[in-house]
Amino acid sequence: MIETFPIISNVIEPRYKIEVEIDPLKDEYHLVNISGTGKLFDERSQYDFINGAPFSLIIEENTVMNDDGNFRIQYFLNGETQLSESLYLECDINLEKRKKYQL
């Protein structure tokens, strides 16, 4: 799936291509384990992100996707209420130096 995350101040947030895995069995606390990892998946270059461009300034026939960023998520849903019990999210993007958020 493709998701966005506001790691930088830009009108259009960077997009990440994420593969999510859901454990079909609940754990001993009746929680559903959901985890995902991914890479940056955006047409904009490092230069475009630094300058706040909402789209790629270079138009090419064969678009090369910028993948110089990572995304990781791990969360547990309550199996009865379907509400999140715990969440860990880590997201980074390489600009002039790597910018990273963890929560």
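The values are calculated or read from the model by the stated rules, or taken from the named source; none is laboratory data. Being a predicted model, the structure only gives us computed values, none of them experimental. Here Cβ is always computed from backbone atoms with ideal geometry, including for glycine, and neighbour counts include all displayed protein chains. With ligands, DNA and RNA removed, areas are computed over all heavy atoms of the protein, side chains included. Shrake-Rupley method; radii C 1.70, N 1.55, O 1.52, S 1.80 Å.
Considering the range 1-19, and only residues there that are more than 8 Å from the chain's Cα centre (by Cα) and free of Cβ contacts under 8 Å to residues at least 24 places away in the same chain, the residue that is nearest to Ser45 (Cα to Cα) turns out to be Glu13.
I'd like to check something: does the range 49-62 contain any residue that is farther than 21 Å from Glu96 by Cα, open to solvent by 70 Å² or more (accessible area, probe 1.4 Å), at pLDDT 95 or above and not aromatic (Phe, Trp, Tyr)? No, the range 49-62 contains no residue that is farther than 21 Å from Glu96 by Cα, open to solvent by 70 Å² or more (accessible area, probe 1.4 Å), at pLDDT 95 or above and not aromatic (Phe, Trp, Tyr). Residues of the range 49-97 that are acidic (Asp, Glu) and within 19 Å of Glu3 (Cα to Cα): Asp67, Asp68, Glu90, Asp92.
Which of the residues belonging to the range 63-76 are over 23 Å from Ser45 (Cβ atoms) and open to solvent by less than 50 Å² (accessible area, probe 1.4 Å)? Listed by number, the residues that qualify are Ile73, Gln74.
Scanning the range 9-35 for residues that are of a type in the set (A, V, I, L, M, F, W, C) and surrounded by 14 or more Cβ atoms within 10 Å (Cβ to Cβ) yields Ile18, Leu31, Val32, Ile34. Applying the condition of being modelled with pLDDT under 95 and either part of a strand (DSSP E or B) or of a type in the set (A, V, I, L, M, F, W, C) (or both) to the range 5-21 and asking which residue is farthest from Tyr88 (Cα to Cα) yields Val11. So, in the range 44-103, exactly how many residues are more than 30 Å from Lys26 (Cβ to Cβ), among the hydrophobic types (A, V, I, L, M, F, W, C) and assigned to a strand (DSSP E or B)? So the answer is 1. Here is a list: Gly79, Gly38. Which entry is of a type in the set (Gly, Ala, Ser) and surrounded by fewer than 15 Cβ atoms within 10 Å (Cβ to Cβ)? Result of the check over Gly79, Gly38: Gly79.
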